[in-house]
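Colleague: Have a look at this one.
The values are calculated or read from the model by the stated rules, or taken from the named source; none is laboratory data. Keep in mind it's a predicted model, so treat the numbers as computed, not measured. Neighbour counts are summed over all protein chains in view; Cβ atoms, including those assigned to glycine, are modelled from backbone coordinates with ideal geometry. Surface accessibility is based on the protein's heavy atoms, side chains included, excluding ligands, DNA and RNA. Shrake-Rupley method; radii C 1.70, N 1.55, O 1.52, S 1.80 Å.
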Amino acid sequence: MTEIILPVRDYDLEATLDSGQVFHWQQKGDSWIGVVSNRWVRLTKRPGEILAEAIAPQDWNWLREFLQTEVDLGKILKTFPDDEPMNAAVAACRGLRVLRQAPWECLASFILSSTKQIVQIRQVVSSLCECFGDELQPRPPEGPIYSFPRPEQIAGVTEAQLRNCKMGFRAPNLLAVARQIVEGDLDLEQIRRMDYSDARAELVKLRGVGGKIADCVLLFAYGFDSAFPVDIWVERALRQLYFPGRRVSEKRLRQFSATHFGPHAGYAQQYLFHYMRTKLN
DNA sequence: GCCCAGGTGAAGC
DNA sequence: GCTTCACATGGG
């Protein structure tokens, strides 16, 4: 076991790992256990730093990248609009971060997310990892940990096997995307080199991926900070906080959110989402 | 039993 | 263009 201390300011690890960006992390006491880049890792927040423990890594750049510890949050928060709802959300969730995930895991997880509660998405993802991922060695004392299955590990199974993981009608969508990757029809690394609208157009072509899921992947995996996923909670936040008592079309809401929140709109979105979900019933 | 969940796609006007 | 509906599954 090796460890490192990552100095951080303004980092709320719990809010970050528990804000519907990632679905395969377990809280154990003060710590969080998860898998990043196929490596088991345990994270513990302390004042001004994060303690990270892993089995035997050579360097820790994979973790800095995932946690985005080098990002100056203060600089980002300054770009948010100076209005009442935004200020309230920041005051309530300060230290919430946007992670930088591996595209495949992020895309697959969000394909499984549609009309499911976050608790249920976690259950489905955990089940998927246990059934088709690899058990990481050595087995930690807390119990076995499984990696997120690679596209090949999904592409080789049947729709019925996937449905055993309780993903319901989303099973054929996940299967189709996994097979597209294995057959070389879809290259998730290529999307990294596109601009936002081209990348979005590519993702939306995929079965079961619409604008919302595409924006989640663009924001959480590819780092397009302008992506602004509008789900049921964010729509609720926009309507209640910015257009109370008014009838506003969805199109109007999208136009508003594309212009109002600035260059890091995705971060702002995450603050509104978490604020709405945890602080405003 | 009922309503809802980090939606999407197809079918109806 | 817009509205409605089916799609699995489980929590509250």
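Colleague: Within the set of pairs 6 or more residues apart or between chains, which connect a residue that is modelled with pLDDT of 95 or more inside the stretch A:69-88 to a residue that is surrounded by 11 or more Cβ atoms within 10 Å (Cβ to Cβ) and among the charged types (D, E, K, R) with Cβ atoms less than 6 Å apart?
Modeller: Once the first residue is modelled with pLDDT of 95 or more and sits in the stretch A:69-88, its partners that are surrounded by 11 or more Cβ atoms within 10 Å (Cβ to Cβ) and among the charged types (D, E, K, R) give A:Leu73/A:Asp10.
Colleague: Considering only residues that are open to solvent by less than 40 Å² (accessible area, probe 1.4 Å) and more than 16 Å from DNA strand C (Cβ to nearest atom), look in the stretch A:243-267 and name the one that is nearest to A:Asp83 (Cα to Cα).
Modeller: Filtering first and then ranking leaves A:Phe261.
Colleague: While we're looking at this one, here's another question. How many of the residues in the stretch A:110-155 are loosely packed, with under 13 Cβ neighbours inside 10 Å and either farther than 30 Å from A:Gly211 by Cβ or touching a strand residue (DSSP E or B) at 6+ places or on another chain (Cβ under 7 Å) (or both)?
Modeller: Qualifying residue count, the stretch A:110-155: 8.
Yes or no, residue by residue, for (1) touching a residue at least 40 places away in the same chain (Cβ under 8 Å); (2) touching a Cys at 6+ places or on another chain (Cβ under 6 Å):
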residue: A:Leu203; (1), (2): yes, no
residue: A:Leu219; (1), (2): yes, no
residue: A:Pro244; (1), (2): no, no
residue: A:Arg247; (1), (2): no, no
residue: A:Phe261; (1), (2): yes, no
residue: A:Gln269; (1), (2): yes, no
residue: A:His274; (1), (2): yes, yes
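Colleague: Let me ask something additional. Can you find, within the stretch A:226-242, the residue that is surrounded by the most Cβ atoms within 10 Å (Cβ to Cβ) among those that are within 13 Å of DNA strand B (Cβ to nearest atom) and among the hydrophobic types (A, V, I, L, M, F, W, C)?
Modeller: A:Phe228
Colleague: If I ask for residues that are within 10 Å of DNA strand C (Cβ to nearest atom), in contact (Cβ under 8 Å) with a residue 12 or more places away in the chain and not in a loop (DSSP other than H, G, I, E, B), which ones from the stretch A:137-167 would you list?
Modeller: Scanning the stretch A:137-167 gives A:Glu159, A:Leu162.
Colleague: Being within 16 Å of DNA strand C (Cβ to nearest atom), in contact with a helix residue (DSSP H, G or I) (Cβ under 8 Å, 6 or more places away or on another chain) and either farther than 21 Å from A:Ser127 by Cβ or at pLDDT 95 or above (or both) narrows it down to one of A:Arg179, A:Arg170, A:Arg200, so name that one.
Modeller: A:Arg170
Colleague: May I ask you to list the residues in the stretch A:9-36 that are surrounded by fewer than 17 Cβ atoms within 10 Å (Cβ to Cβ) and among the acidic types (Asp, Glu)?
Modeller: A:Asp10, A:Glu14, A:Asp30
Colleague: Based on this model, can you work out whether A:Arg163 counts as open to solvent by 30 Å² or more (accessible area, probe 1.4 Å), out of contact with any Phe, Trp or Tyr (no Cβ under 8 Å at 6 or more places or on another chain) and of a type in the set (Lys, Arg)?
Modeller: Yes: the conditions hold for A:Arg163.
Colleague: How about the stretch A:270-281: which of its residues are within 14 Å of A:Leu219 (Cβ to Cβ) and open to solvent by 10 Å² or more (accessible area, probe 1.4 Å)? Outline the logic, then answer.
Modeller: To start, the set of residues in the stretch A:270-281 that are within 14 Å of A:Leu219 (Cβ to Cβ) comprises A:270-274.
Those that are within 14 Å of A:Leu219 (Cβ to Cβ) and open to solvent by 10 Å² or more (accessible area, probe 1.4 Å): A:Phe273, A:His274.
Colleague: Output the residues belonging to the stretch A:37-47 that are open to solvent by 10 Å² or more (accessible area, probe 1.4 Å) and within 25 Å of A:Gly266 (Cα to Cα).
Modeller: A:Ser37, A:Lys45
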